[in-house]
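Below is one structure, written out as structure tokens, with a few remarks after it.
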Amino acid sequence: MVPALLLAMILTPVQGGLEPYRGIIAQGKIMNGLFPLRKTGASTLPIRNAAERLLSGLSQEEAKTASFSVEDDHWRRWDNRSGAARHGLSLLDLGEEKRKLVLALLTESLSAQGLQKSRDVMRLDETLGELTKRPQGYGEWRYWISIFGKPSVSEPWGWQLNGHHLNINYFVLGDQVVMTPVFMGTEPAVALAGKFAGTKAMQAEQDKGLAFMLSLSPEFQAKARIAAEKGDANNVAEAYRDDVQLDFAGLPVSALSENHKKSLLDLIGEYVGNLRQPHARVKMSEVERHLHQTFFAWVGSTSADGVFYYRIHSPVLLIEFDHQRPAALGQGGPTRQHIHTVVRTPNGNDYGKDLLRQHHENHRH
């Protein structure tokens, strides 16, 4: 594992321009041909209609603020830090009716589960503002929406929601969808009081991950464990880490029983299932085709209240779950009250980049 101090350094984005996009790779090379242009049979019409209604419901100046070229590198400038510079249109500055248009876009783009998780994360940011007495830094509506390209039947476009503990990048081309990178986190994980008392986030990802690890034999647990000691922050593919070299490590899924493979697919589905159902099924089929090349890795405790990190890594999917040290609520080591999760598409297709490349090759603009 990367030492905690070094990890903190490499996760701090360098100001200025971004390096040319390559994508997350393993074993030193890109695996080509993983993401062909194709018909999926899963309609994107509801998503497109919701985006068009949003743009038409904005003022001319608001629509201009929210709109970017589909090739614009602001795709890659999402940032989960609370004080980061933002682009796009602030939901905090919109009235209730226009916020409903943004939420309608999320409703059509995500599953009911994904929408609920997104709203819970946003609401827990309100809780964080209450606990820290910093409403100017944290809040339910301190998120920014951007539209990339023009909603279209055949041309590439997409949208991005960018803020503290919720960052969703959503690319659309025809009836193909890529929803990565997705960053979801929370601090606290449970609201004990305040406006949104009782709200929870990241509990299924936490509990299912631990249950899967505990279901493995001692021999397989040992193979999965890539480090014994949990660092303050173990995620390696957060903001500004589009070009990570991350080799496969841990337990090869090919060694598992059929029942354990089904359990792992259920855990993966907890993340992929945030996407609207027709497209989630398309993505899960892709994941299943590469299950024999998938690895499960673990760091930290397996006790009932312990803290840990886990990673699910295949040629077409990277998932990270991490208990992190407090950032706004106190001090100390990693805690179950501060959680970060990341979902990525390795081998060059975050932000739909590989699909976009192929589209441009086929349609010289």
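Values in this text are rule-based calculations from the coordinates and carry no lab data. Nothing here was measured: the structure is a model prediction, and the numbers come from that model. Cβ placement follows ideal geometry from the backbone for every residue including glycine, while neighbour counts extend to all protein chains displayed.
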query: What is the ratio of the Cα radius of gyration of segment 282-338 to 2.2 N^0.38 Å, where N is its residue count, to two decimals?
result: 1.45
Derived scalar couplings ³J(HN,Hα) [segment 167-177; Karplus, 6.51 cos²θ - 1.76 cosθ + 1.60; whole Hz; x for Gly, Pro]: 9, 10, 10, 10, 9, 10, 9, x, 9, 9, 10
task: Mind checking the full-extension length gain between Lys262 and Glu52? Use 0.36 nm per residue of separation minus the Cα-Cα distance, one decimal, nm.
output: 71.7 nm
field: Long-range tail of P(r) for segment 1-160 (Cα pairs > 20 Å, %)
entry: 63 percent
field: FRET efficiency estimate (nearest 0.05) - Cβ-Cβ, Ala63 to Ala204, R0 35 angstrom
entry: 0.45
query: Can you work out the FRET efficiency for the pair Ala84 and Gln221, with r the C-beta to C-beta distance and R0 = 45 Å, to the nearest 0.05?
result: 0.75
Qualifying trypsin sites (Lys or Arg not before Pro) for segment 102-208 [loop in DSSP, other Cβ within 10 Å: at most 15]: Lys133, Lys195
message: Expected output is a single nm value to one decimal: the length gained when fully extending between Glu229 and Glu288, i.e. 0.36 nm times separation in residues minus the C-alpha distance. What is it?
response: 18.1 nm
message: Of Asn347, Gly137, Gly330, which is farthest towards the positive pole of the chain's charge dipole, taken about the Cα centre with +1 and -1 on the beta-carbons of Lys, Arg and Asp, Glu respectively?
response: Asn347
query: Using modelled backbone amide H atoms (1.01 Å from N, in-plane), which distant-in-sequence or interchain residues come within less than 5 Å of Ala84's amide H?
result: none
Calculated [θ] (222 nm, deg cm²/dmol) that DSSP helices of n ≥ 4 give over the chain, each run adding -39,500 (n - 2.57): -10000 deg cm²/dmol
field: Volume of the Cα convex hull of segment 32-115, divided per residue and given in Å³
entry: 166 Å³
task: With just the Cα atoms of segment 231-365, tell me how far they stretch along each of the three principal axes, in Å, largest first.
output: 54, 38, 29
- request: With +1 on each Lys and Arg Cβ and -1 on each Asp and Glu Cβ, and nothing else charged, work out how big the dipole of segment 8-105 is about its Cα centre, in Debye to the nearest 20.
  value: 440 debye
- line: In Å, the Kirkwood estimate of hydrodynamic radius for the chain over Cα pairs equals 20.8 Å
query: How high is the FRET efficiency from Asp73 to Leu192, r the C-beta distance, R0 41 Å, rounded to 0.05?
result: 0.50
task: List the relative contact order of the chain as a percent without decimals, with contacts defined as Cα pairs under 8 Å and 6+ residues apart.
output: 23 percent
task: Just grab the label-to-label distance for Gln337 and Glu96, each label 7 Å out from Cα along the Cβ direction, in nm (one decimal).
output: 3.3 nm
- prompt: Could you give the dipole magnitude of the chain about its Cα centre, charging the beta-carbon of Lys and Arg +1 and that of Asp and Glu -1, in debye to the nearest 20?
  reply: 300 debye
